[in-house]
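Trainee: Here you go, one structure.
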């Protein structure tokens, strides 16, 4: 199945859409390393976007890093895009800080901390899905294959809660090797206590983040036009889970990641994808353990192993 999808898109034109967003869940101590410290987290999505364009950042004075200096995975994405001559566009779908570059502005608000409040209202979810459909339909009509990536600190925790709320026995990856599984499970369980409906829109409203419904809308519309590659890890499985409830074209959809996600024993990426939908899951091995640069080797050691596509 993966081979067939790859053959379908071989030698075609690609467009990478980079969706940046934010959830206040990321401010819970210990939940994410997507930023040098708590105050830096909100700058990670726009800084990732700026790095892809400029090779440096405008909203902060250096590229996003973990507290101990591990670099953003935007490094790998930038190399992949430039070596393949793939154009890209940034979409702000709830980022707390806007990037200093041209982007598609959706007007969506950041998500709340799911451990204490509903992430969004049902109407905000509907709006995010609708706006995602508009953007997805437009971008898919401009290319042969639409690639969708994301940057939302704390997003693996909201993804975990969404998938469990939708009935899947999910385990998710982390931006650090020592995955804070217990903390994530506690937050997801606390958030799910407030869910009193089987309606998928209500589930995502209570325990999700703005990226999930927006990208779900993109996938729903874009996959009816051309092939779509969900680029990322366990956060994109949450998109897939929501999309399976509202509808999308499985024959035109694949999910792509690295072996650092697919082989992560603290998560269950492969099983999750096959449980949710009959689509190919494609994992590549960048062999970064052989790099002479410690920052690049860190990805193979489990740091910052998903995000930015």
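Where a number appears in this text, it was derived from the coordinates with a stated rule and is not lab data. Note that the structure is predicted; figures quoted are calculated from it, not measured. Methodologically, a virtual Cβ is constructed for each residue, glycine included, from the backbone with ideal geometry; neighbour enumeration extends over all protein chains shown.
Trainee: Multiply the residue separation of residue 297 and residue 100 by 0.36 nm, subtract the distance between their alpha-carbon atoms, and state the gained length in nm to one decimal.
Mentor: In short, 67.9 nm is gained.
Trainee: Can I ask one more? Sort 22, 260, 201 by Cβ crowding within 10 Å, fewest neighbours at the top.
Mentor: So the residues, fewest neighbours to most, are 201, 260, 22.
Trainee: Based on alpha-carbon centroids, what's the gap between the range 217-296 and the range 179-203 in Å, whole number please?
Mentor: Computed from Cα coordinates, the inter-centre distance equals 22 Å.
Trainee: Mind listing the Cα extents of the range 186-309 along all three principal axes, in Å, largest one first?
Mentor: 50, 39, 23
Trainee: Right, next: On a full-extension model of 0.36 nm per residue, what is the gain between residue 189 and residue 1, subtracting their alpha-carbon distance, rounded to one decimal in nm?
Mentor: Stretched out fully, the residue 189 to residue 1 stretch lengthens by 64.2 nm.
Trainee: May I pose another question? Residues of the range 227-245 with amide nitrogen under 20 Å from the 7 Å Cα-to-Cβ point of residue 79?
Mentor: 231-233
Trainee: Looking at the range 13-300, what % of its DSSP beta bridges pair antiparallel, to the nearest 5?
Mentor: The antiparallel proportion sits near 5 percent.
Trainee: I've got another one for you. Using Cα pairs closer than 8 Å and at least 6 residues apart in sequence, work out the relative contact order for the range 1-132, in percent.
Mentor: Worked out over the range 1-132, it gives 29 percent.
Trainee: Moving to a separate point now. I need to check one value: relative contact order of the chain, counting alpha carbon pairs closer than 8 Å and at least 6 residues apart, in percent.
Mentor: Relative contact order comes out at 23 percent.
Trainee: Counting other beta carbons within 10 Å of each residue's own, what order do 5, 269 fall into, fewest first?
Mentor: Fewest-to-most ranking of 5, 269: 5, 269.
Trainee: Once a ≥ b ≥ c are taken as the square roots of the eigenvalues of the Cα gyration tensor of the chain, is the result rounded (a/c under 1.5), prolate (a/b larger than b/c) or oblate (a/b not larger than b/c)?
Mentor: rounded
Trainee: Another question, then. Given 0.36 nm per residue, what is the gain on full extension from residue 89 to residue 182 after removing their alpha carbon distance, in nm?
Mentor: 29.9 nm
Trainee: On to the next question. Counting each DSSP H run of 4 or more residues in the chain as -39500 (n - 2.57), what helix-only mean residue ellipticity at 222 nm follows after dividing by all residues, to the nearest 500 deg cm²/dmol?
Mentor: -12000 deg cm²/dmol
Trainee: Can you give the FRET efficiency for residue 246 and residue 169, using 1/(1 + (r/R0)^6), R0 = 22 Å, r = Cβ-Cβ distance, to the nearest 0.05?
Mentor: Between residue 246 and residue 169 the formula returns 0.55.
Trainee: Let a ≥ b ≥ c be the square roots of the eigenvalues of the Cα gyration tensor of the range 67-138; is it rounded (a/c under 1.5), or, if not, prolate (a/b larger than b/c) or oblate?
Mentor: In terms of gyration-tensor shape, oblate.
Trainee: Compute the FRET efficiency between residue 13 and residue 259 as 1/(1 + (r/R0)^6), taking r as their Cβ-Cβ distance and R0 = 35 Å, and round to the nearest 0.05.
Mentor: Efficiency at R0 = 35 Å is approximately 0.80.
Trainee: Let me ask something additional. Going by how many other Cβ atoms sit within 10 Å of their own, how do 242, 16, 43 line up, fewest first?
Mentor: Lowest count first: 43, 16, 242.
Trainee: Rounded if a/c is under 1.5, else prolate if a/b beats b/c, else oblate: with a ≥ b ≥ c from the C-alpha gyration tensor eigenvalues square-rooted, which is the range 23-132?
Mentor: Taking the square roots of the gyration eigenvalues as a ≥ b ≥ c, the range 23-132 is oblate.
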